[in-house]
Amino acid sequence: MTTRLVGMKEFRQNMASFAKKARKQNIRYIVLKKNVPVLEIRPVDEKKFAMEKLTHEIKEARKQVKEGNVYTHEEIMKEFGLK
């Protein structure tokens, strides 16, 4: 991965372009404000993101089950008009 530095003003004016280049060319941008790094723009690893999202959804589902926020098979079938 290549790293490039960019000023805040330039980044603001060309945000979509930087995002596209980051993804397509695997570039990490460090955005500077008065020569101080303030944020990092880099491509998202889609597989890693999907796993993190799935992990979060599983934790949320377990929490809902623990709180009793669940539906029976019959309730779901009725809700979708399948029974």
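Structure data summary
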{"item": "Whole-number percent relative contact order across the chain, with pairs defined as alpha carbons under 8 Å at least 6 apart", "result": "22"}
{"item": "Candidate lysines - alpha carbon under 30 Å from Lys34, same-chain residues fewer than 8 apart omitted", "result": "Lys9, Lys20, Lys21, Lys24"}
{"item": "The chain - convex hull of alpha carbons, volume per residue in Å³", "result": "176"}
{"item": "Interchain or long-range residues, amide H under 5 Å from Arg4's placed H", "result": "Arg28, Tyr29, Ile30"}
{"item": "Once the Cα gyration tensor of segment 2-41 is diagonalised, semi-axes √(5λ) in Å", "result": "16, 11, 6"}
{"item": "GluC sites (Glu not before Pro) restricted to segment 6-79 and DSSP loop, no more than 15 other C-beta within 10 Å", "result": "Glu67"}
{"item": "Normalised contact order of segment 2-41, rounded percent, pairs of Cα under 8 Å and 6 or more residues apart", "result": "45"}
{"item": "Loop-resident sites, segment 21-81, for chymotrypsin sites (Phe, Trp or Tyr not before Pro), counting at most 15 other Cβ within 10 Å (DSSP)", "result": "Tyr71, Phe80"}
{"item": "Fraction of beta bridges assigned by DSSP in the chain that are antiparallel (%, nearest 5)", "result": "45"}
{"item": "Helical mean residue ellipticity (222 nm; -39500 (n - 2.57) per DSSP H run of 4+; nearest 500) of the chain", "result": "-16500 deg cm²/dmol"}
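Taken together, the values in this text are just the output of simple stated rules run on the coordinates, not laboratory data. These numbers come from a predicted model, not from an experiment. All Cβ positions, glycine included, derive from the backbone under ideal geometry; neighbour counts span all protein chains shown.
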